[in-house]
Amino acid sequence: MFNKRFYYLIKIQYLGYRFHGWQKQPKLKTIHLMIDRTLNFILDGKPFKTLGSGRTDAMVSANETAFELFVYEKIEDQTAFLELFNLNLPQDLRALAIEEVDANFNIIQHSKVKEYVYLFTYGQKCHPFCAPIMTTILDDLDIELMKKGAQLFEGTHNFKPYCFRATDKGLYERTIDSCILTENTLYSANFFPKNTYTLIVKGKGFGRNQIRLMMGTLIKLGRGEVDLNYIENSLKSESTEVMDFIAPASGLILNSVAFE
């Protein structure tokens with residue numbers, strides 16, 4: 001029997017383009033699978049367990065997220081451990097930091113604020129290198145109108161229309177702390193088009209595909225397919241609307257996770 005467990009919070013980042021999301025799935029390459037494979041190797045097969053702070057979908061990237069590591073031997077040199085971990089992780093996954101936490105810390109239940117970024121451009125075919133992290137909408141978009149639409153999501157609303165395959169049993173009243181659509185100043189590359197944009201959403205809890213469904217509705221707004229009243233009405237408690245356009249996954253980035 002093992003006498004004592006040790007708990008570590010490890011922050012990571014990854015490019016999700018070639019992965020089938022976070023969660024382990026049979027015969028598919030996922031982020032959690034690669035982390036556990038790497039840990040099994042560097043820990044020489046010693047028992048361990050990992051829990052993620054949340055799931056990301058296939059092709060979604062993370063600039064900063066975290067998982068909790070449970071082991072039965074104390075990691076004496078955390079710097080060396082992090083270096084060894086990174087040495088053996090694939091190129092599109094990097095560990096950023098490690099800190100010891102106590103048994104009272106629960107990465108799933110602990111209160112946290114997540115910030116998501118959706119990176120996009122429009123009106124032209126882009127360099128293929130943009131594909132892993134940026135969505136290109138070939139139609140013209142009314143960016144100024146989309147900025148007004150994004151602000152409507154702020155506050156506490158009924159987000160059931162923005163949850164994929166929502167049921168009548170879920171809790172869909174959620175609060176978005178901030179939702180801003182603006183010119184992109186967060187990410188840059190010399191192959192990016194001249195004008196790129198970000199939807200930046202911050203809050204404590206999000207439903208399945210919520211950000212991508214919100215972004216899809218904003219794209220429809222920018223195309224002139226819906227108006228601001230449509231978004232306002234969709235967020236009301238009595239709304240029975242079901243959003244039908246999920247923006248592509250590869251433009252979505254989990255930008256940060258802050259534990260409170």
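At a glance:
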item	result
Helix-only CD estimate at 222 nm, as mean residue ellipticity for the chain, using -39500 (n - 2.57) per DSSP H run (n ≥ 4)	-6000 deg cm²/dmol
Cβ-based charge dipole, segment 159-216, positive-most Cα from 196, 159, 170	170
Neighbourhood net charge (9 Å Cβ-Cβ; Lys/Arg +1, Asp/Glu -1) for residue 252	0
GluC sites (Glu not before Pro) within segment 36-138, DSSP loop, no more than 12 other Cβ atoms inside 10 Å	76
Cross-link pairs 24/236; 11/125; 24/112; 125/202; 160/194; 27/74 - those with Cα-Cα distance over 27 Å	24/236; 11/125; 125/202; 160/194; 27/74
For residue 6, distant residues with modelled amide H under 5 Å away	71, 72, 73
With all protein chains modelled, accessible area of residue 108 [1.4 Å, Å²]	100
Segment 1-85 - accessible surface per residue (Å², probe 1.4 Å)	54
Estimated dipole of segment 161-258 in Debye, rounded to 20 [Cβ of Lys and Arg +1, of Asp and Glu -1, Cα centre]	360
With every protein chain in place, segment 1-103: carbon and sulfur % of accessible area (1.4 Å)	50
Rg(Cα) / (2.2 N^0.38 Å) computed for segment 125-241, rounded to two decimals	1.12
Residue order for 34, 215 - accessible surface, 1.4 angstrom probe, largest first	34, 215
Summed side-chain charge close to residue 104 - residues other than residue 104 whose Cβ falls under 13 Å, Lys, Arg +1, Asp, Glu -1	-2
Cα-based shape type of the chain, given that a ≥ b ≥ c are square roots of the gyration tensor eigenvalues and the cut on a/c is 1.5	prolate
Accessible-area value, residue 188, 1.4 Å probe, nucleic acids and ligands omitted, Å²	110
Gyration tensor (alpha-carbon) shape descriptor, segment 1-119, a/c threshold 1.5	prolate
Residue-normalised accessible area of segment 184-260, expressed per residue, 1.4 Å probe, Å²	47
Heavy-atom accessible area order for 245, 129, largest first, 1.4 Å probe	129, 245
The chain - charge dipole about Cα centre, Lys and Arg +1 at Cβ, Asp and Glu -1, debye rounded to 20	700
Rounded if a/c under 1.5, otherwise prolate or oblate - segment 61-176, Cα gyration tensor axes	oblate
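The values are calculated or read from the model by the stated rules, or taken from the named source; none is laboratory data. All values derive from a computational prediction rather than experimental measurement. Note that we place each Cβ from the backbone using ideal geometry, even for glycine, and neighbour counts take in every protein chain shown. What goes into the accessible areas is simple: the full protein's heavy atoms, side chains included, and nothing from ligands, DNA or RNA. Shrake-Rupley method; radii C 1.70, N 1.55, O 1.52, S 1.80 Å.
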